[in-house]
Every structure is written in structure tokens, then in C-alpha cells.
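The values are calculated or read from the model by the stated rules, or taken from the named source; none is laboratory data. For clarity, every value in this text was computed on a predicted model and none was experimentally measured. Note that each Cβ is placed from the backbone with ideal geometry, even for glycine, and that neighbours are counted across all protein chains shown.
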């Protein structure tokens, strides 16, 4: 056997003692090799190696082995591999089908050096019906165009330009310009496996499969930052291939359909082109290059499931990824992951259907989110003070990501206000042959920024429109009374005011809070709300007070604090949720004609406007 | 509104308060001007109306006239304000013309709240309140959290609960599909029909208010079933608060479900299950109060009448019966007219269910002789639903030019309305002086019994006044449930003329025999209540007090112009 090649060529110098050489080995080759040591190419300075073990197309798992003088011991490796092979539940290698056409879309922005490797690896794939689309997204230079024109003058390669920044925008452009039945997306910082498309195709046999994702192992573990990232993301080592359908929730995934870590990642997945376009493509509120910084893949995967499609994850479809090598780049990425996750959670919260499913899983999700925490870095050698400092810095990255989750909702709202959304319905029917090659400017550009986003389901569309309208109006007009009532309750529990002030606070907290919370979820007509809102508050207070008195708990104060805190939290959540659909009446009631109120309102509005326009004296 | 603006769909808001504005202002001024007179009015068996110099009657007429004028001129703002003023005329004196809350029963409830505030638990072991503590518990929690004394809350309670009933009734009408004009008429109808006086600091007041909210949600549930489910927690709060209201609601909900007027149609079963579970939890506390299926409906229908009655009470009772008959009669007329038209048949059936399901309570419960009042109280929303459209149509009708009779419709409506308003005023305030609690008596009740041993016996000639208003009542009642039984309730003592000395010897002998620390309280309210109810012959209580004053066995502990507290000293009687 020749020396094993690394999965990716080194992206820089090696100066970390715990660095791991990464490559792959086939079981058949190992069996033929005998007991002689196995040489590793480009392994100078590495003390350990991680080998992805596969048998033909099938990926069996990873084994770690010590490296000595650029070699690993074949006998010990074999014993580990045999154990891995025996423990694997992977069935026989699937038959290649190669009957479906594929378009591989790589979105890039001013990174020709990285794109070169990724593009070359894609073109090494042998597939009878393959074309490659490079989407040059808002590049500042012509480097990408030049690279494709000069080094990849292959008839299978086309280049389209998408001047609007954002990964989702670029992917939508690629999706609309693609020709293949399936469109495979990957990034420009990867090396794809030659069997990539074959594995994706083999997994997409069922007719309802709209999306197939694959494994994205770390192609380079040269720096502690890369090792940290590798340990933090699940998609680099998720070897569990399975199909996901909304109607068939897996018993072992309580978070399903929000088990996003199981679905793969945006660097390695393929979609059924027509289904994806019907779904509205990618939501341009998300993704690298936008304020939210990520989340577009999470959003797409969950939308596929909620729209009734099947999502298949197969570890056999391999794309090696080069993680960020230094701390600043990692921090940027962590921020993007955090805001992307927060934005996506907001998207879930604003979709009535997803929201109801998510609310049931919210406590568990919150625990998982915080349990993830800062993370750490494994070490096999004694660390120097400098390394310890680096480890501390790296650990903080996890908290950076967590903190940025809370920025997500506001950024998502901003994107919505700017008109971000899905591919407009009018453009979804655009014929695929309108796609341009790199000699012609693209005409079939996707989503109109001003278009109202819709996403296949009118319910989803309504929810998104509602969220936009709600936040555009200043946000949270339904949630804020709830939160204010909660704050009033918290203030009352502190017993700081006079009896009159305490009375006011309690009346606000009890008379408004619970009822407005219900009114936010089940909107009532004004006349009904005027009595039901305080009625609900009074009823809940009576029930709790009864419980307290019957059981002699003495927990009135604790109930007030807990209830008020709940109201504050719920009010904040509702503030970013869309207003519910208007109450529909079989017979529209005549408005109550108490004209004084309207006139008073008009008068206030009139003078408010006057006040805004008033110029300071002497301003001319 | 011009034709052009109508065509363009533009409705310009107008603040229009025509003739009703001076009428309303006049009514309010009269009311406030009369308050000092009401505060210091001399006792009258005919109630406050006869003693306040006509202020409340004039204010009521002004408000009613303003209402009629507003409704006929389609100025609904004036009509709404009129209803508010009517409620103020009827209930504001209970706040501003009194020093302490009216109604003796208010103080029994204050005692439960005080017990809850002091011990934190509802379990008194002496009365029915422990099983239904919702209202008391929330009142205690409110007082604890805000620092506002429960007696202060009780003082303003009647006015607040009546004002809160207005939007509740409005919402009920809107949920029933009535126009806002009919809803406003309904508010006025309910305000005038509600003479029952079940609106003081008591569980049924809040339970009834919440029941209106539940009915509002139920009537809205036909189009939105989720609102039916939303009523469940509110119903649950009623269940833990009051013994009677939930069963009325269960009956109404079952009936509306059968008629298909609510969704889900089986919600009455859910209500019933909740009420039944709570009943089972508190079955012990019910003994003697409710025997489901074993009650006597005829006896239940009788109002509480202890004494022979006074001319004032007789007049008030007659007016109450007449007013009730008119309310039910107009409601039945409205129902008949509604049932004639297919389109309105459903609404009429809903109104009938709401109005007359409460009659079933007479067959199901024995409620201390008050059941008939509750039956009428619960019938008011339904009667209003049936009657209001009729009245609104009558008020809406415009007089054709040149015809005298139709042009008299407005004045006739004002006259009829004023008649109804005056009747309600008399019925509501007829027992004013009987119900007026003396501040001195409250002070005694708050402080005098704190250090008295548990086996206290507290005597009074009449059961009127702030008895049981502190948590101490629990330990006294544990020792003897009837520790504060009044002399009027002693066998053979009702109607006693207190002539001679035999009764005094009997009284002293009985107290001596019992050998318990015994107090006697005599308040001015007891004289008024005795006179109003005709409990004793004229002058009997004066003789009683004179005899007690002369009896060395009764030592005065505290004496003011309105209340005297005596303590029995056995050493003065024993040789």
C-alpha cells in the first residue's frame, strides 16, 4: 500500500504538539497490506492520526492511532478497524444508480485559493450527468471569475454572479440556475469525496426525499482552535445514517423535528430542485454574509420536514471541511453560529405550527442550549502557560456563541424589515434553462427584496408577514402589556410603595397580566377582552389563593414573584411573535359609536404630529 | 353625516351631548349635594329616599331622562354615562354616606378574611366558608400584599362590583350578537332590575360577576370553540368561591349545549365534573345547608321574614315584587316576540335559558331561605337579554310629524323609566337604616373580645351589627356554634314586649346557669332593624335597654351614643 494521503493539504505551519493527522483508509486495503507499518504522507510533526475507515462507499467510523516517525502500526490499527467493522450496522454497499442528474453549487466570495481546491475535488467526481455552478457572491474583486475562466475551462463549469450579499441569496441564485434534478450544495473551504454524489444519490431513493445530507468530518486538526471546533459540532462525527419524516418521529430524538444536529450541515447536502424551489428556496434572512450570520441550513432542513418532505442523512456522503484555524476567525464564526441559531429560533417562534411543536420541547431545548456552555479542549500533553491561556480563550468562544443567540431575534427582525424572505412565488416557476453561464450576466436573479415572503404554506407566510408587521409597528404591542404587568407584580412583591401604589401594582399585575397573556394567544374582541382579561386574572388569583389557603402553604409571595417573572418572560417572547389572525365574525359587529373617544384620539394624534414637526425657535 | 360621506364610507366622529348633558350634570350635582343629608339623615322606616330630601330621587329621574333622550337621539355616549350615573345614584351612598360598610353579613365575611390573614389557612372548622375560600383567600392576599385594610375594601366594594357589572353586561350582550345600542339598554335594564342587594363584600358578588364573564365566553364559543375552553378556569374559580353559582352555570351550560348554542356542546359535563369533584371534597361542610334532591322548592321560594314587618318594609317588599314581576313580564314578552321570528329564535332560546334555568335551583338546594333571591339575581342577565331589544326598539321609534300620540313616546318613556328607577331606588334603599352599621359597634367588635375566653356568649336583642368581624370568632364558635345567637332567635322571645321583670329574671337565670363569660351588645342599628322588621312591639327595645341598665348584673363595659357593651357579673346576682 502506498503512503496514506492526508484528507486535505496543510493550510499552514504545524506548531501544536496535540495536532492530529487526518486521513482515510479502506478496510480492503488494510487487509491486503499485511503487518508492515503504514506510512502517512505529509505527517512530519504529528504524534497522532485520525483515520476515517470505510469499506468501499460505506463509512464505518473513525480510529485514532499513534504516529511514530511518520508511520502507524498496521497490526494495532487492524484490530481497531476489525472491531469497528464488526460493530458497524452498515449493510452492504449500495448499488450505484447514477440515473439522476446533479448540479453542484459552490457559493464563494473572494476566496479563490480555497475555491480552487474545492472545485478541483468536485470535478474529480465521475458522474454521467453533472454540472457545476460557481456562484460569485458580492465579490469585491474579479479573482473568482478569473480563476474559473482560466483554470476551470471545463464545459461542466458555469459561473453566475449574485451581487446581493448573503449565502442564502447566493444559494437561491444557484438553485434557480441549476439544471440537475438534484442540486448539491457545498462550500469553498472543503474537499469533496469522489464518491460524494454517488452516496447522496444512493440515499435519495425514496420518492418523498427532498433533501439528503452527508458527513462533514474535519479535514485538518492542525491547531487547537480546529480541535476545539471539531469537538463542538456534531456534524463532523455523526455516523448515524437515517431518514427523517415529520409523521415518523424517532423515539430516541425527543427534540425532533428540531434535532438540527442530526440533520447535517450546509457544507454537504443536496436538494430535489423542484421541491426546493416550491418550498421557496433558502430564507435570505439567514446565512453568512447577512447580519444573522447563519441558520439558513437549520431553517431549510426544518422547513423540508414541516412541508411534508423526507430528509435523509447519510454518513457515506463525505465532504472534508477545513475549520477555522485561528482564534479571531473562530470568534467570528461563533458569533455567526450564535446569531444564526437565535434568528432561527425566532423564526420557529413566529411560525404557529412550528411554535406549538417547539413550545412542547422548549424546556429540554433550553437545558441543552445552556449545557453546551463553553466547551473545552482535550489534551494529551502537559500544557504550557501560553497554551493554558489559549485554552481559556477557546473556552470563551462557546460562551460567545451562547451570548449571541440572544442577539438573533433582533437581527432576524431587522432582516425581515428589510424584506428578506424566500424566493417570491412569481419566480419559482422560472425555467431552469434560463440559467446563465459565466459568459453572460444572470437574468434570473432570485428573490425580490420587497416581496412578501411566503414559504409554501400560507400559515407560515401569514406568520412571517405578521411578525414583520408586528415588529415594524414598534414591536411587541401585545407582549409589552404582559411584560409590564409582570414587572408591576415584581415591584409589588418588594413591598416598596404605599398601599395606594401597591394596590395599583397588584391590580395591574393581576388584572392585566394573565388575561393579556391569554388575549395574546387567543385574541378577543375588545368588548369581550375588557371583561375577560381582568376576569382571567381574578380567576387565576382566586385559584392560587385557594390552593395556598387550603394547603396552608404560605406561598402567596412566592406565587406572586414566580407568576410575575413568568409574565415578564412570556411578554418578551410574545413581543417578537406575530399578531394572531384577526377574529373572524360571521356578522361583523357595528362599531361602538362613542365618538368622544375617537375624537380625543384624533386630537392627541394631531397634536403629537404637530409636536414632532415643531422647529426650535430661531431656526428660521 | 352627509350622504356623500356615507357613500364614501366615512363616519366622522362627533362629540355630541345634547339635552342629556345638563340632565346628567344636574343629576350628579344633586347626588353629591344630597350626600351630606344622607349621611346625617334621621331614621325612616321608608328608607333613604324618604330621608334625603329627595336628592337621590331627583338624581335618578335626571339620569333616566338623560338616558331616554340620548337613546332616542342616537347619542350612545350620553346613554352610557346615564347608566353610570344611575349606578352612582343607587350605590354611591354606600361609600360616601356611611362611615363603615353597610350590611351585617359583610362583617361575617371580614372575620373569615381576618382569620385567613392571621393563620394563612382557610380551615376554620366552624362554618361553610372553609370549603369555598376563593373570595376570602384572594381578599386576604390582596390585603396582605397591598396593606389596604379589608374593611376599606368592603366599604367601596358594592360600588365597584356594580360598576364592574356594566362592562360585563355589555360584553355579554355583544357576545350574544346584540347591537351596542341593545347592549346599552341591557346595561340599564340590569342595573335597574338588580334590587336584590347581593352585591356586598361576599363570595356571591364576585361569583356572579365571573359568571357573567363565563357566559360571555360561552356565547362567543359558538363561533370560536376555544373560548368555551377558556371559560373553564374562570368557572373553576367560581367553583372554589361560591356554593350555588356553579350549579346554575352547569345547568345553563348543559341547556345551551343541548340547544346547540355553545361549543363544545358537552362543556356542561366538564363544568359538572369540576363542580362535583369540589363538592365531594367539601361534603362535610355542607351538612345543613344543601341537600341535593331533598330540598323543598316551595319553602325555598319564601323570602326571609322573621318579624311582623313595618309599613316601610311592606311597601318595599311590594315594590320589589312588582318590579320583579315587571322584569320577568317584559322578558317573557321579549321572548315571545323573539320566538315568533325564526331568525331570532335562537337568541330568544338563549335568553330563556339564561333567565329561567335558575328556577331549578329551588328544587336542588336549600340555601338558608335566600334561594329565591339568588334565583332572581341569576335571572337578571337572561331577562335583560330578552327585554332589551324590545325596549331599544321602543326608544328608537321616531314620531311621525303631526301625530300627537307617537310624539308623546319620549315623555312617556321618561315617565316609565323614572317610575322604574324610583321603584328600584326605593327597593334598594328601603332597608337603608336597617342595614346601616354603626361605627361605634364596629369599634367594639374590633377590640372588645380579643382577651375574652373561648367560651364567650355574646347576647344581643337583634341579629344586626358587625358580629364575627375578627378572627377571634373562630375560637368562640369552636366552643359554641351559637355563641352569638340573638334574643330574637331564642324560642318564644321574638315579639317580646319586655314588660315587667319576669323576662329579665329568666335572662339572668339562663346566663347564670350557663356559667360562661357573657356579654350583651345593644346598638342603634338593632333598634332600626327591629323597627323595620317589626321584630318587637313599639317601645319594647327601649324597655329592654332600660331594664338592662337598671340591672346590677349587667355592667357597662363601653358606652357610646350608638352602641353599648355590657358584661354579665354573676356576683351581683348571687346572694
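Points to keep in mind about this one:
- Selection status of residue B:507, surrounded by 22 or more Cβ atoms within 10 Å (Cβ to Cβ) and under 28 Å from residue B:43 (Cβ atoms): yes
This table checks each residue for (1) under 28 Å from residue B:315 (Cα atoms); (2) outside any loop (DSSP other than H, G, I, E, B).
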site: B:466; (1), (2): yes, no
site: B:493; (1), (2): yes, no
site: B:505; (1), (2): no, yes
site: B:529; (1), (2): yes, yes
site: B:543; (1), (2): yes, yes
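- Taken together, the residues in segment B:528-552 that are under 29 Å from the mean Cα position of the chain (by Cα) and in contact (Cβ under 8 Å) with a residue 60 or more places away in the chain amount to 10.
- Verdict on residue A:181 being closer than 22 Å to residue A:211 by Cα and surrounded by fewer than 23 Cβ atoms within 10 Å (Cβ to Cβ): yes
- Selection status of residue B:80, in a loop (DSSP other than H, G, I, E, B) and closer than 23 Å to residue B:193 by Cβ: no
- Candidates B:243, B:204, B:198: the one that is away from every other protein chain (no Cβ under 12 Å), more than 13 Å from the chain's Cα centre (by Cα) and modelled with pLDDT under 95 is B:243.
- Qualifying residue in segment A:342-363 (condition: farther than 29 Å from residue A:120 by Cα, at pLDDT 80 or above and in a loop (DSSP other than H, G, I, E, B)): yes
- Those residues of segment B:215-227 which are more than 25 Å from the chain's Cα centre (by Cα), more than 10 Å from chain A (Cβ to nearest Cβ) and crowded, with 20+ Cβ neighbours inside 10 Å, in sequence order: B:221
- Taking the criterion of being within 7 Å of chain B (Cβ to nearest Cβ) and out of contact with any helix residue (DSSP H, G or I) (no Cβ under 7 Å at 6 or more places or on another chain), the residues of segment A:539-552 that qualify are A:550, A:552.
- The condition of being out of contact with any strand residue (DSSP E or B) (no Cβ under 8 Å at 6 or more places or on another chain), facing chain A (nearest Cβ under 10 Å) and in contact (Cβ under 8 Å) with a residue 24 or more places away in the chain does not hold for residue B:152.
- Taken over segment A:526-538, residues that are over 26 Å from residue B:113 (Cα atoms), in contact with a helix residue (DSSP H, G or I) (Cβ under 8 Å, 6 or more places away or on another chain) and more than 7 Å from chain B (Cβ to nearest Cβ) amount to 1.
- The one condition from (1) buried (at least 24 other Cβ atoms within 10 Å of the Cβ); (2) more than 12 Å from every other protein chain (Cβ to nearest Cβ); (3) modelled with pLDDT of 95 or more that residue B:272 does not meet is (1).
- In the condition set (1) touching a helix residue (DSSP H, G or I) at 6+ places or on another chain (Cβ under 9 Å); (2) at pLDDT 85 or above; (3) farther than 27 Å from residue B:171 by Cβ; (4) more than 9 Å from chain B (Cβ to nearest Cβ), residue A:555 is compliant with all but (2).
- Residue ID - nearest to residue B:310 (Cα to Cα), chosen from residues in segment B:545-560 that are in contact with a helix residue (DSSP H, G or I) (Cβ under 7 Å, 6 or more places away or on another chain) and not in a strand (DSSP E or B): B:547
- Restricting attention to segment B:93-102, the residues that are closer than 12 Å to residue B:442 by Cα and crowded, with 23+ Cβ neighbours inside 10 Å add up to 2.
- Once segment A:199-211 is narrowed to residues that are surrounded by fewer than 21 Cβ atoms within 10 Å (Cβ to Cβ) and touching a residue at least 60 places away in the same chain (Cβ under 8 Å), the residue that is nearest to the chain's Cα centre (by Cα) is A:208.
- Among all positions in segment B:61-69, there is no residue which is within 14 Å of chain A (Cβ to nearest Cβ), more than 17 Å from the chain's Cα centre (by Cα), touching a residue at least 60 places away in the same chain (Cβ under 8 Å) and surrounded by 24 or more Cβ atoms within 10 Å (Cβ to Cβ).
- Of all residues in segment B:92-106 being out of contact with any helix residue (DSSP H, G or I) (no Cβ under 7 Å at 6 or more places or on another chain) and part of a helix (DSSP H, G or I), the one that is nearest to residue B:209 (Cα to Cα): B:105
- Residue that is farthest from residue A:560 (Cα to Cα) [pool: residues in segment B:112-130 that are in a helix (DSSP H, G or I) and more than 9 Å from every other protein chain (Cβ to nearest Cβ)]: B:128
- For segment A:160-172, residues that are surrounded by fewer than 23 Cβ atoms within 10 Å (Cβ to Cβ) and assigned to a strand (DSSP E or B) total 1.
- Residues satisfying the stated conditions in segment A:242-262, i.e. in a strand (DSSP E or B) and free of Cβ contacts under 8 Å to residues at least 12 places away in the same chain: A:248
- Filtering segment B:228-240 to residues that are more than 7 Å from chain A (Cβ to nearest Cβ) and crowded, with 24+ Cβ neighbours inside 10 Å leaves B:228, B:231, B:235, B:238, B:239.
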